[in-house]
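Coordinate-derived values only; no laboratory data. Please read these numbers as outputs of a predicted model, since none were measured by experiment. Note that each Cβ is placed from the backbone with ideal geometry, even for glycine, and that neighbours are counted across all protein chains shown.
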Ligand code: HEC
Ligand code: HEC
């Protein structure tokens with residue numbers, strides 16, 4: 001089910017195709033569209049192997065003769081209604097409930113003050129509306145918090161793809177010195193010191209000798225995150241066959257999005273999240289958007305040819321998650337769209353075109369997850385204190 005080579009092909013094609021550097025966009029787009037369509041067809045199941053069941057990933061589509069719907073169906077897929085299954089990590093009610101508790105658990109952090117929800121706020125589109133999360137990031141590698149919503153559909157996690165899936169990803173922030181800063185042992189002992197967690201882990205991982213572990217915490221977090229999907233955006237209803245789900249301006253924006261070539265990178269179920277691309281493919285953007293120091297994928301692979309490649313971000317719920325870019329350096333979505341057109345496509349947009357594209361992007365806001373803040377285990381006389 002996993003076919004990373006497709007992504008690699010897409011990456012290599014984008015990097016090396018000399019037609020990209022000049023103005024021959026139409027050839028490049030035709031070629032890369034089919035390449036990417038192939039990759040993106042697999043996006044929900046691919047890379048991180050996030051979903052297993054095609055049936056779940058494909059909600060009902062009604063027959064349509066609307067040419068725009070048919071064109072859009074070639075490159076995009078609606079968000080499924082039901083949370084996808086994670087391979088080797090089946091969701092049970094108890095496991096999701098535990099993951100939800102851990103997601104809101106500030107005592108996972110060394111200072112007992114930061115939880116996943118601090119930077120990935122459920123009420124703020126799964127992000128934090130802050131350029132660099134709350135100042136907990138060091139100077140190197142300081143990046144904007146991406147949304148966790150629909151991240152289960154991304155082919156890899158993080159801006160530079162350094163975690164292969166949500167489970168692996170969840171281990172990162174807890175021990176990251178600039179995020180939650182907990183030493184590994186701290187997490188397990190912290191949780192074990194709260195007796196209710198021993199019960200919760202035993203319920204979520206029945207039959208295991210030592211259910212309370214960092215590994216299982218990551219598993220529970222991942223199944224909870226997989227439930228944070230946002231179906232039924234106007235654009236999803238349009239894709240499923242309702243031509244009235246988008247207004248005329250949004251339809252004009254969708255047409256531009258496809259015909260100008262945004263879909264070369266932003267496609268599939270997440271309208272992104274299925275490949276890496278160089279930021280500044282055609283023209284380098286302003287250094288405030290792309291500072292020289294953060295080489296993105298290049299810093300992970302050590303290959304200079306990957307410098308300034310980033311995971312193409314999802315555009316789902318994009319209207320809710322300003323500021324934008326991995327630097328969180330632009331607050332205005334209209335400006336972001338213009339930067340994309342010049343930096344990635346070598347094109348200049350008129351003011352009406354920009355407005356249409358922004359209107360289309362607003363149609364990507366889906367039903368937001370409704371989460372009841374969970375009751376967390378109480379600290380008692382034996383519970384460890386926060387680090388000073
Ligand atoms: C201090 C803020 C902060 C905290 C706390 C935090 N994150 Fe993040 N998260 C970030 C930032 C910043 C990134 C992007 C880092 C990068 O790409 O280098 C990120 C990336 C992610 C991603 C990848 C999304 C994508 O599209 O690539 C997921 C998933 C995620 N975090 C989940 C979590 C979970 C689960 C927790 C709690 C265990 C957590 N985060 C705690 C700031 C935070
Ligand atoms: C060649 C690939 C490519 C093309 C074509 C492309 N993008 Fe992007 N897009 C990216 C990458 C990579 C990023 C992340 C940039 C960064 O490092 O912050 C991005 C970021 C964005 C963002 C900000 C997302 C966020 O969460 O911060 C928006 C909005 C966006 N693109 C819209 C568009 C639109 C609209 C078009 C067409 C006019 C377009 N893109 C064309 C690759 C592309």
Item to check | Sequence of 333, 290 once ranked by neighbouring C-beta atoms within 10 Å, starting from the fewest | outcome: 333, 290
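Indicate the gyration tensor shape class of the stretch 195-306 (rounded, prolate or oblate), computed on the Cα atoms with a ≥ b ≥ c the square roots of the eigenvalues: a/c under 1.5 is rounded; otherwise a/b larger than b/c is prolate and the rest oblate.
Because a/c hits 1.5 or more and a/b fails to exceed b/c, the stretch 195-306 counts as oblate.
Just rank 309, 104, fewest to most, by other beta-carbon atoms within 10 angstrom.
Result, fewest neighbours first: 104, 309.
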Checklist entry - Can you put 288, 311 in order, fewest other beta carbons within 10 Å first? => result 288, 311
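Based on the mean of other Cβ atoms within 10 Å per residue, sort peptides 248-260, 203-215 so the most packed one is first.
Numbers: 248-260: 19.2, 203-215: 14.7.
Descending mean neighbour count gives 248-260, 203-215.
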